[in-house]
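The values are calculated or read from the model by the stated rules, or taken from the named source; none is laboratory data. Here the structure is a predicted model, which is why all the values come from computation and not from measurement. Ideal geometry is used to build each Cβ from the backbone, glycine not excepted, and the neighbour counts take in all protein chains shown.
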Amino acid sequence: MDYFKIYPQAVYLYPEADGLLSGLLHYQLEQYGCFYKSRTCNVQVIKEKSEAGKWSIVAPEFEAGNSSFVGFMQALNYYMIGVLGLDPFEAIEASHKRSVNVHFNDVLFDVESRQIVKAPPHQPNLA
């Protein structure tokens, strides 16, 4: 049994300013096999002016001094860009929507590997 896992559930983003999206990240924590109620934190997606199209999602209130959450956000950036192929700025511009919603199905952040991986099927506790 792993010590600590973070299950991203969804992120909701809306334009705040040019090159900036703000929103909420919903996630759930598991520690030693115990799940805690869903949590929410504020996030921002910042588009870098120097590199065309490069962006990153950050959660400033959780990243200060929390290495597990910093690793989670790095893995979430990689997952959203490299695996899902998502560009939230492009999604909002192309669809002329006021927001973009991303739902994460059956994945978790494993602290030991520092990667987002497919979640195993739920195993009922048969104790």
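Give me the residue from segment 82-107 that is in a loop (DSSP other than H, G, I, E, B) and within 14 Å of Leu13 (Cβ to Cβ) and, out of that set, modelled with the lowest pLDDT.
Of segment 82-107, the ones in a loop (DSSP other than H, G, I, E, B) are 84-87, 96-99, 104-106.
If we keep only those that are within 14 Å of Leu13 (Cβ to Cβ) too, we end up with 84, 86-87, 97-99, 104.
Values: Leu84: 92, Leu86: 91, Asp87: 90, Lys97: 80, Arg98: 87, Ser99: 89, Phe104: 91.
My answer is Lys97.
Gly85 - would you say it is in contact (Cβ under 8 Å) with a residue 24 or more places away in the chain and surrounded by fewer than 11 Cβ atoms within 10 Å (Cβ to Cβ)? Step through it out loud before you land on a result.
Values: in contact (Cβ under 8 Å) with a residue 24 or more places away in the chain: no; surrounded by fewer than 11 Cβ atoms within 10 Å (Cβ to Cβ): yes.
No: the conditions fail for Gly85.
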